[in-house]
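None of the figures in this text is laboratory data; all of them are computed from the coordinates on show. Fair warning: this is a prediction, and the values are worked out from it, not measured in the lab. Backbone-built Cβ (ideal geometry, glycine too); neighbour counts: all protein chains shown.
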Amino acid sequence: MYPKEFEKSIRKVEETRQERLKKPPERLGEKEKEELLKKWHPDYKPEAKRKLRVGVSKGSIVPNEVADIIEAYPLINPDEIDLSQIDYETDILIIGGGGAGTAAALFAYYNGISPENIIIATKLRHGDSNTIMAQGGIQAADKENDSPVIHYLDVIGGGHFANKPELVARLVLDAPLIIKWHEELGVMYDKKEDGEMITIHGGGTSRKRMHSAKDYTGMEIMRVLRDEARNIGIEVLEFSPAIDLLIDDEGKVGGALLYNLETDQYYVVKAKAVILATGGFGRLHIQGFPTTNHYGATADGLVMAYRVGAKLRDMDSVQYHPTGVAYPEQIVGLLVTEKVRGLGAQPVNVEGEQFVHPLEPRDVEAAAIIRECYGRNKGVITPTGMRGIWLDSPMIEIIHGKGTIERRLGAMFRMFKRFDIDMRYEPILVFPTLHYQNGGIEINENAQVLGINGIIKGLFAAGEVEGGVHGKNRLMGNSLLDTQVFGRIAGINAAKYSRKAKVGKLSLEHVKKYVEELKKAGIKEERKAPILLPDYREKKVLSRAIDIL
Amino acid sequence: MARKRKEGRKKEEMKMVRIYIMGKEYKVPAGLTIMKAMEYAGYRYIRGAGCRAGFCGACATVYRKEGDYKLYADLACQTTVEDGMWLVQLPFTPANKATYDLEEIKLDDKTLVNFYPEIARCVSCNTCTKACPQELEVMDYIQACLRGDIKKAAELSFDCIQCGLCALRCPAEIAHYHVSQLARRLYGKYIAPKAKHLEKRVEEIKEGKFDKEMKEIMEKSIEELKEMYNSRYIEPEEEEIVVEAD
């Protein structure tokens, strides 16, 4: 239920609705977009970032929160770890149990690796990931008026032309193959009577190519892939995050050190190939923003890969989703899918006025909302002092007919209804929220991780942990696609590689060297990483906590 | 911005409520979700927290309220604490899943009951439906499975987040969420109409229809790409009336 003080503003939104239905605001020109971003997008605040002082990407600029975990000491003392006793020996170790990791496992299996020789190690449960939370959809250029080349141009333009071309080409060319694969696995995509996929626009798309399964798209994909992995019998080690990679005497990656979160024991895994599918950094709360991300999104993969010499790219840009929940307080920061705007809901200010086209690329849309709230002072102020703007959801049913919201936005409808807000009749209050790690570890088109001297043997990466696919800004519907396309490629190539690979004696030499470098750079031993889980315990409790047991 | 928000919060006077976490009393601010309330009390989750947004089913929670005989079931991340709530989380559900090769399955009205014979034990008590935090018609979809109405079962169960609360409450010991997973996959694979345009596009890609054009665009300079991007045709917004497959 909305507090009384919102009423006046809601009435204004209702009063302007008919007029606004006639015409959405103009899209911004290139110059206007640039100015808006420079002034209002959080990425353009120099004080929120710093140069890395160590490692192969030394000198590159990353958010302070990322620098903090990169310039951090390992969780373990390498000298105290016994690597002579191997707990698991396998062909392929996949670190991460979300969409990318599970797709990788399935394609490794399709390419001849037996299920007993594949392990998925994951920090939470199999499927607890950002994939399962992806609501709006997945892009694929599979309609007559569309083509992978048109999709390519949308991705590159949306990414501010910073993307790695060969990765984008794979993303868009493989997209229809992935949707077809899903269809064969039984994913229930939204279809018309004759089987045609129901597709809509997303921010920055030039064709309607957003495929969806209601607004549970990621969940539907994830639960089908997980079901398939279970049918095949792929071993999953849950609550067992990796805390460092292992290398052999030739410097190849040959496994990882896992940590059982419940027993505090470490496990040594020897693997011919390792696939990093650890996701992104939402739970680092860059610049103090709330996040849409799942509990385990702490960028562990970046930390581990960087210590074996993986290059980072495009880490200076962060994706703030334009529409996170701003009210009610219980769910602040959670995602309001872009599909809400895709179906016609317009962002409007406290006076009920339009101020931006609903489907600008995400960074532009987010910057416009921040400007409206803090530059023009036309946001709605909540009882906790937060500001937000209205997303006029009742427009959806005026445009598409009664019942559309429950049918196509069931998850959103349910989320707000739980807090007595009916988005069919009342607008919803939103503000940008930390959503996605645009950049990441650099890979090539075979999902092999790249270091300063080319390929790091034995190491592959897929999904949000890798960078280059989305340049400086990802479009809606390309992250689910990224997990599937590069998960598949990583699985196929890791299978191929592991057939020939031989792993020598395992070591943590790279970690020792990294520690030396940290010391040489004068970085104090205050921080350890990967951080594995955020800590939301109340400060009052923490200040009196003692470590006895 | 984040800073301003915090200052605003401080101004509000905090109203506290009593909750009992596994029987032990804590005082927490009113208005928090169960998940945040437990963190406020000093718990750090390993199990019992996943997406924190109502999509993953990791935080299945049961609780009673003072003076109320009912056992409630809900998601900790989507439920606000109330004064006098006695709660416990159930972060894992032991339940058997049938294994199958979807390519080999013979589809008829007995398929589901063959893989999950225990659905025939359903006594129509509706406890599963009452336990469902998604408010799905769980019993109705189990009945649909029993009748072999795969389409109905797939539709009714579509919003299932597989938290397992139905299975834990069921007197017939059915693992509803596994049964419906199979129903949905069968529907998606065998019953929903195929997307012909998709098949066609996949063929075109395999034949290399776009390779030349792709190579050309990949070689373009940023200036050329900018020009193309800024003048590209954008399909209009208006949507035709869609008749969805049912």
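Tabulated results
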{"quantity": "Candidates per chymotrypsin sites (Phe, Trp or Tyr not before Pro) in region A:445-541, loop by DSSP, up to 16 other Cβ within 10 Å", "calculated": "none"}
{"quantity": "Residues B:LYS27 and A:LYS23, FRET efficiency given R0 of 60 Å [Cβ-Cβ distance, rounded to 0.05]", "calculated": "0.70"}
{"quantity": "Long-range tail of P(r) for region A:304-362 (Cα pairs > 17 Å, %)", "calculated": "59"}
{"quantity": "Mean separation of Cα contacts under 8 Å (6+ apart) over length of chain A, as relative contact order %", "calculated": "25"}
{"quantity": "Computed over region B:14-89, the ratio Rg/Rh where both radii use C-alpha atoms and Rh is Kirkwood", "calculated": "0.93"}
{"quantity": "Exposure proxy order (Cβ contacts within 10 Å, fewest to most) of A:ILE455, A:ILE120", "calculated": "A:ILE455, A:ILE120"}
{"quantity": "Overall dimensions of region A:211-261 by Cα: Rg and Dmax, Å", "calculated": "16.4, 50"}
{"quantity": "Stokes-Einstein D (µm²/s) once Rh is taken as the Kirkwood radius of region A:438-534 over alpha-carbon pairs, at 37 °C in 0.692 mPa s", "calculated": "208"}
{"quantity": "Kirkwood Rh in Å, taken over chain A so that all alpha-carbon pairs contribute", "calculated": "23.8"}
{"quantity": "Residues A:HIS470, A:HIS126, A:HIS510, sorted so that the one with the fewest Cβ neighbours within 10 Å comes first", "calculated": "A:HIS510, A:HIS126, A:HIS470"}
{"quantity": "Cα→Cβ-extended label distance, 7 Å offset, between B:GLU237 and A:ILE546, nm", "calculated": "6.3"}
{"quantity": "Whether region B:111-191 is rounded, prolate or oblate, judged on the alpha carbon gyration tensor where a/c under 1.5 counts as rounded", "calculated": "oblate"}
{"quantity": "Local net charge near A:LEU28, Cβ-Cβ under 11 Å (Lys/Arg +1, Asp/Glu -1)", "calculated": "-4"}
{"quantity": "Histogram of C-alpha separations across region A:295-393, 10 Å bin width, %", "calculated": "14, 40, 25, 16, 6, 0"}
{"quantity": "Net charge contributed by nearby residues that have their C-beta within less than 9 Å of A:LYS457 (K/R +1, D/E -1)", "calculated": "0"}
{"quantity": "Normalised contact order of region B:111-191, rounded percent, pairs of Cα under 8 Å and 6 or more residues apart", "calculated": "34"}
{"quantity": "Cross-link table A:LYS270/A:LYS519; A:LYS524/B:LYS36; B:LYS97/B:LYS200; A:LYS58/B:LYS206, entries beyond 31 Å C-alpha to C-alpha", "calculated": "A:LYS524/B:LYS36; B:LYS97/B:LYS200; A:LYS58/B:LYS206"}
{"quantity": "Cα→Cβ-extended label distance, 7 Å offset, between A:HIS285 and A:GLN265, nm", "calculated": "3.4"}
{"quantity": "Stretch gain in nm, segment A:GLU32-A:ASN111, where the contour uses 0.36 nm per residue and the Cα spacing is subtracted", "calculated": "23.5 nm"}
{"quantity": "Estimated FRET transfer efficiency when R0 is 22 angstrom, pair A:LEU83-A:LYS524 (beta carbons, to 0.05)", "calculated": "0.20"}
{"quantity": "Charge tally in the Cβ shell below 11 Å around A:TYR259, where Lys, Arg are +1 and Asp, Glu are -1, A:TYR259 excluded", "calculated": "-3"}
{"quantity": "Kirkwood Rh in Å, taken over chain B so that all alpha-carbon pairs contribute", "calculated": "22.4"}
{"quantity": "Free-standing Cys residues across the protein assembly as shown, given no other cysteine C-beta under 4.7 angstrom", "calculated": "A:CYS373, B:CYS59, B:CYS77, B:CYS122, B:CYS125, B:CYS132, B:CYS145, B:CYS160, B:CYS163, B:CYS170"}
{"quantity": "Label point distance in nm, A:ASP420-A:ARG376, each placed 7 Å from Cα along Cα→Cβ", "calculated": "3.2"}
{"quantity": "FRET efficiency for B:CYS125 and B:ARG18, using Cβ-Cβ distance with R0 set to 35 Å, rounded to 0.05", "calculated": "0.60"}
{"quantity": "Burial ordering of B:TYR69, A:TYR425, fewest other beta-carbon atoms within 10 Å first", "calculated": "B:TYR69, A:TYR425"}
